[in-house]
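Trainee: First the structure, which I've put down as structure tokens, then a few questions once you've had a look.
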Amino acid sequence: MRKHNRHTNWLLFIIIVLGIILGLKYINSKVTPIMMITAKEECNKLSTIIINDAIKKQIVDGISFDKLFIITYEQGQIATIDFDSVMVNKVLSTITQTIQANLKYIEQGNVEMLELSSNVLAHYNQDKLKQGIIYEVPLGISYNNTFLSNLSPKVPVRINLIGSIDSGINTKVTNYGINNALIEVYVDVSVNMQTILPFQSDVSTVKMSVPLALKLIRGQVPEYYANGDNGPTISLPIN
């Protein structure tokens with residue numbers, strides 16, 4: 001009888017071990033990729049919020065077009081428009097440092113240290129953020145069933161900033177009316193983020209181009225203007 005029980009116990013043990021191995025294999029091959037996609041989307045969403053807020057903060061603090069560029073005139077008309085390298089570098093440095101600091105605070109769970117606008121993270125679980133958890137992915141998400149997803153265990157998602165943050169100024173000039181130009185100034189930001197799950201991690205790059213300022217440059221009113229598919233555009237200053 002004891003020998004029979006011993007064989008039964010060993011058989012149960014082997015079945016349990018095999019079940020665990022097969023379960024882990026299934027999770028790794030089927031569930032994890034789907035969970036990672038969701039986790040990366042949440043990481044990108046949070047990074048986008050932090051980047052946008054850092055740039056908006058510069059706008060609120062009074063960064064204007066005239067501070068970013070040096071405009072020279074000849075005979076009362078605009079001759080050249082150049083970057084003010086000192087001011088541009090100062091703005092980019094402040095934006096980059098703010099983004100980096102906030103991402104590190106999120107990573108470490110230092111919510112009280114975040115330099116963000118009020119309520120920008122209101123829809124996030126503050127208690128989880130204090131643990132460095134930005135989101136929880138339901139383990140049953142792969143079944144595409146809301147009921148099973150709500151009942152299944154949740155896997156914590158964390159982020160990690162990798163390397164430095166790259167930022168730069170980009171401009172776009174478009175014709176605006178007659179002899180006018182609309183200059184738009186953008187901040188290009190690139191951040192390398194590592195999305196971390198308990199059993200896997202992946203690296204992705206978040207790239208954004210956020211408007212910083214715009215200005216309408218007014219030129220001389222032309223003596224003659226023609227703009228059509230069949231004719232050239234001629235612009236002569238009034239003497």
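Trainee: Working only within region 164-195, note down all residues that are touching a residue at least 40 places away in the same chain (Cβ under 8 Å) and either outside any strand (DSSP E or B) or among the aliphatic types (A, V, I, L, M) (or both).
Mentor: Scanning region 164-195 gives I165, I169, Y176, I178, N179, I183, V185, V187, V189, V191, M193.
Every residue, every condition in (1) modelled with pLDDT of 80 or more; (2) exposed (fewer than 11 other Cβ atoms within 10 Å of the Cβ); (3) farther than 29 Å from F83 by Cβ, yes or no:
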residue	(1), (2), (3)
G168	yes, no, no
T174	yes, yes, no
A181	no, no, no
E184	yes, no, no
I196	yes, no, yes
S201	yes, no, yes
L214	no, no, no
G219	no, no, no
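Trainee: Still on this structure, I have one more. Residues being surrounded by fewer than 20 Cβ atoms within 10 Å (Cβ to Cβ), touching a residue at least 12 places away in the same chain (Cβ under 8 Å) and not in a loop (DSSP other than H, G, I, E, B): count how many of those fall in region 151-163. Break it down stepwise before answering.
Mentor: Within region 151-163, the first condition is being surrounded by fewer than 20 Cβ atoms within 10 Å (Cβ to Cβ), and the residues that meet it are 151-154, 156, 160-163.
From what is left, the residues that are touching a residue at least 12 places away in the same chain (Cβ under 8 Å) are 152-154, 156, 160-163.
From the residues that got through so far, the ones that are not in a loop (DSSP other than H, G, I, E, B) too are 154, 156, 160-163.
Number satisfying all stated conditions: 6.
Trainee: Quick one: which strands (runs of 3 or more DSSP E) sit completely within region 64-143 and have at least 1 residues that are under 24 Å from the mean Cα position of the chain (by Cα)?
Mentor: Details: elements: 69-74, 77-83, 135-138.
Filter on region 64-143 gives 135-138.
Trainee: Right, another one. What are the residue pairs meeting all of these: first residue in region 106-119, first residue under 18 Å from T48 (Cα atoms), second residue of a type in the set (S, T, Y), Cβ atoms under 8 Å, and 6 or more apart or on different chains?
Mentor: Close Cβ pairs (under 8 Å, with a partner that is of a type in the set (S, T, Y)) amount to V111/Y105; L114/Y105; E115/T98.
The values are calculated or read from the model by the stated rules, or taken from the named source; none is laboratory data. Model, not experiment: these values are computed from the prediction. Note that each Cβ is placed from the backbone with ideal geometry, even for glycine, and that neighbours are counted across all protein chains shown.
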